[in-house]
Amino acid sequence: MCLGDDPTCAAFAEHRLRYRRDMAPERRAFLKSTFAATGGAAAMMAAGTTLVSPALAQASAAKAAAGRTAHYHLPANADTIHWGYFSKNLKPQVEIESGDFVTIETLTHHANDDAERMVQGDPGAESVFLWTKEKKGVPRRGAGPDDAKLGPGGGLGVHICTGPVAIRGAEPGDVLEVRILDVAPRPCANPKFKGLAFGSNAAAWWGYHYKDLLTGEKPREVVTIYEIDATGRRDWARAAYNFRWPGVTDPNGVHHPTIDYPGLPVDHSRTTRDFDVLKGVRLPIRPHFGTMGLAPAEADMVNSIPPSYTGGNIDNWRIGKGATMYYPVAVPGALFSVGDPHASQGDSELCGTAIECSLTGTFQFILHKKADLAGTSLASLDFPMIETGEDWVLSGFSYPNYLRDLGPDAQSEIFAKSSLDLAMRDAFRKMRQFLMQAQGLTEDEAISLMSIAVDFGITQVVDGNWGVHAIVKKAIFAERPLNSPPG
């Protein structure tokens, strides 16, 4: 039976849409439950399981559209994505009310590493990756100038982002809560690989390892293609094969000896593929979105690679199903976009990428107005924050707001100035602020607690603005309500 992965099926389009909407039983159950209603979430919040207090939940629900919610679907194609940048000037693809749901398709910018497995037969992906001498499906790739040598955008930014989604009434100073309700792999549309999905991992020139190799040709870039069970019956990936980057001459005749431009089409007649790579190794999958966030205010067009205070390319594997993100709103409408989908990644993303794999996510958006935030745990939130069922995770960066901190040349300077020392300092300061404000600890209590109960980890060392995350378990505060007074 066609599951939306057999283009020869007479009802392919209908089956594919149905698959995207209904693959996850958990999401269907969620949408039918009382929890899905904006006001219905207050019971869970009242139990102290989220940063949103019952009072704030009620205030935010009261401002939603008469308590009703709608569910939208945003496909990924050449008309709905922006490639390699965030911008406050982008026209929204959909405008929603607080409390609404949106199912959003996302494409990996590495799909052309193996077009046979990740592009062919998929109309949305084919429209995005179309590139011939006569036409480029998405001409702008990156935040660079229109007249850049490699084309509009110059490749100064690489992630395919779907959106933006505008939230009615969102204004600077507000906080946007984004609940990730479901994440599912995008099935391969090539009938040769029915029931499977694929992703690519590039050990590339921007990786931490690149100038520290022991064997073989030095330096080198190696791409590994991974296979995933798109039906969800298998919760692990396996390597299909790897190949050394052969150098690519793009359809415009420009040669690329390294992976220096997003979406380069790899000609596998020029590669030597090793199908014996990582035999017997199972890679647990934890699907998540590497790049997810709001438009910043400081520039008209912002490179998608370095993360910042409104989110973006955080590359933390915890930003997956069941997690909630909190973002400070910087521009009217908030302008949420999502991309850089990953099947799995370890902390540090050391070699340059995760398993870059197209995914579809379902999200709920809750707007918390600035006027309602006073005295709450979100009152002074000026950075992206992750909440899971068990943890609060704070994102520290080398420069918390590099667009502001580094001046007019910030988008180039950031790649030369990042360090883990700076990112660790930022994570420490943010955790100290959180413990003092949200948990009511004194500074001395917060510092002691951080040393004995907070885990600091390296989020990534490959995104220009390096990241360190701080994780604190909710369970340690089981007997202490949020916003407890000091002492």
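The values are calculated or read from the model by the stated rules, or taken from the named source; none is laboratory data. This structure is a prediction, so every number in the text was calculated from the model and none was measured. Ideal geometry is used to build each Cβ from the backbone, glycine not excepted, and the neighbour counts take in all protein chains shown. Please note that ligands, DNA and RNA were not included when accessible areas were found on the heavy atoms of the full protein model with its side chains. Shrake-Rupley method; radii C 1.70, N 1.55, O 1.52, S 1.80 Å.
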*When the helix-only estimate is applied to the chain (DSSP H runs of n ≥ 4, each -39,500 (n - 2.57), divided by the residue count), what is the mean residue ellipticity at 222 nm, nearest 500 deg cm²/dmol?*
-5000 deg cm²/dmol
*Apply the Debye scattering formula to the stretch 419-461, with a single equal point scatterer on each alpha-carbon and no solvent, then give log10 I(q)/I(0) at q = 0.24, 0.34 Å⁻¹.*
-0.81, -1.20
*Take the stretch 326-448, drop everything but the C-alpha atoms, weight them equally and run the Debye formula without solvent; then report log10 I(q)/I(0) at 0.09, 0.10, 0.19 Å⁻¹ to two decimals.*
-0.34, -0.43, -1.45
*asked:* So, R0 is 41 Å and r is the distance between the beta-carbons of ILE452 and ASP147; what FRET efficiency does that work out to, to 0.05?
replied: 0.15
*Quick one: putting +1 on the C-beta of Lys and Arg, -1 on the C-beta of Asp and Glu, what dipole do you get for the stretch 215-257 around its Cα centre, in Debye to the nearest 20?*
140
*D (Stokes-Einstein, µm²/s), Kirkwood Cα radius, the stretch 333-379, 1.002 mPa s at 20 °C*: 151
*When only Cα pairs under 8 Å and 6 or more residues apart are kept, what is the percent relative contact order across the stretch 251-328?*
26
*Taking 7 Å along the Cα-to-C-beta vector as the label spot, tell me the ALA55-LEU420 distance in nanometres, rounded to one decimal.*
4.2
*For the stretch 274-377, just say rounded, prolate or oblate: build the C-alpha gyration tensor, square-root its eigenvalues into a ≥ b ≥ c, call rounded for a/c under 1.5, and beyond that prolate if a/b exceeds b/c, oblate if not.*
prolate
*Using the Karplus equation 6.51 cos²θ - 1.76 cosθ + 1.60 (θ = phi - 60°), what ³J(HN,Hα) coupling, rounded to whole Hz, does each residue of the stretch 310-325 give in order, writing x for Gly and Pro?*
9, x, x, 7, 6, 6, 10, 5, 6, 8, x, 4, x, 8, 10, 10
*Picking from SER87, PHE193, ALA239, whose Cα lies most toward the positive end of the charge dipole for the chain (charges on Cβ: Lys, Arg +1; Asp, Glu -1)?*
PHE193
*Using +1 at the Cβ of each Lys and Arg and -1 at the Cβ of each Asp and Glu in the stretch 193-332, identify which of LEU278, TYR309, VAL223 lies farthest towards the dipole's positive end.*
LEU278
*Give me the orientation-averaged projected area of the Cα convex hull of the stretch 90-159, in nm², one decimal.*
6.5
*What number comes out for the charge environment of VAL165, summing +1 per Lys or Arg and -1 per Asp or Glu over other residues with Cβ under 13 Å away?*
-2
*Stick to Cα atoms and the Kirkwood definition of Rh, then tell me Rg/Rh for the chain.*
0.96
*Taking every Cα atom in the stretch 149-246, find the radius of gyration and the maximum pairwise distance Dmax, and write them in Å.*
19.3, 57
*Simple label model, 7 Å out from Cα along Cβ direction - TYR72 to LYS370, nm*: 2.4
_Interchain or long-range residues, amide H under 5 Å from SER344's placed H_ = ARG286, ILE355
*For the stretch 155-163, just list the computed ³J(HN,Hα) in residue order, Karplus coefficients 6.51, -1.76 and 1.60, θ = phi - 60°, integers in Hz, with x standing in for Gly and Pro.*
x, 7, x, 10, 8, 7, 10, 8, x
*What percentage of the solvent-accessible surface of the chain, computed with a 1.4 Å probe over protein heavy atoms, is contributed by carbon and sulfur atoms?*
54
_Quick query: amide H of ALA143 versus all other amide H atoms, modeled in the peptide plane; which residues come in under 5 Å with a sequence gap of 5 or more or a different chain?_
LEU156, GLY157, SER304
*Report the label-to-label distance for GLU445 and LEU213 in nanometres (one decimal), using points 7 Å from each Cα along the Cα→Cβ vector.*
5.3
_Let's see if you can work this out: charge +1 on each Lys and Arg Cβ, -1 on each Asp and Glu Cβ, no other charges. What is the dipole magnitude of the chain about its Cα centre, in debye to the nearest 20?_
840
*Out of residues 5 or more away from ASP391 or on other chains, whose amide H comes under 5 Å of its own, with H placed 1.01 Å from N in the peptide plane?*
LYS474
*Once a ≥ b ≥ c are taken as the square roots of the eigenvalues of the Cα gyration tensor of the stretch 68-190, is the result rounded (a/c under 1.5), prolate (a/b larger than b/c) or oblate (a/b not larger than b/c)?*
oblate
*Roll a 1.4 Å probe over the protein chains and send me the accessible area per residue for the chain in Å².*
40
*To one decimal place, what orientation-averaged projected area in nm² is obtained for the convex hull of the Cα set of the stretch 164-302?*
13.2
_Estimated dipole of the stretch 328-436 in Debye, rounded to 20 [Cβ of Lys and Arg +1, of Asp and Glu -1, Cα centre]_ = 440
*Enumerate the calculated ³J(HN,Hα) couplings along the stretch 428-445 in order (Karplus 6.51 cos²θ - 1.76 cosθ + 1.60, θ = phi - 60°), each rounded to whole Hz, writing x wherever the residue is Gly or Pro.*
4, 5, 5, 5, 4, 4, 5, 5, 6, 7, 6, 9, x, 7, 6, 4, 5, 5
*asked:* Starting from the Kirkwood Rh over alpha-carbon pairs, what translational D in µm² s⁻¹ does the stretch 227-309 have by Stokes-Einstein at 10 °C and 1.306 mPa s?
replied: 95
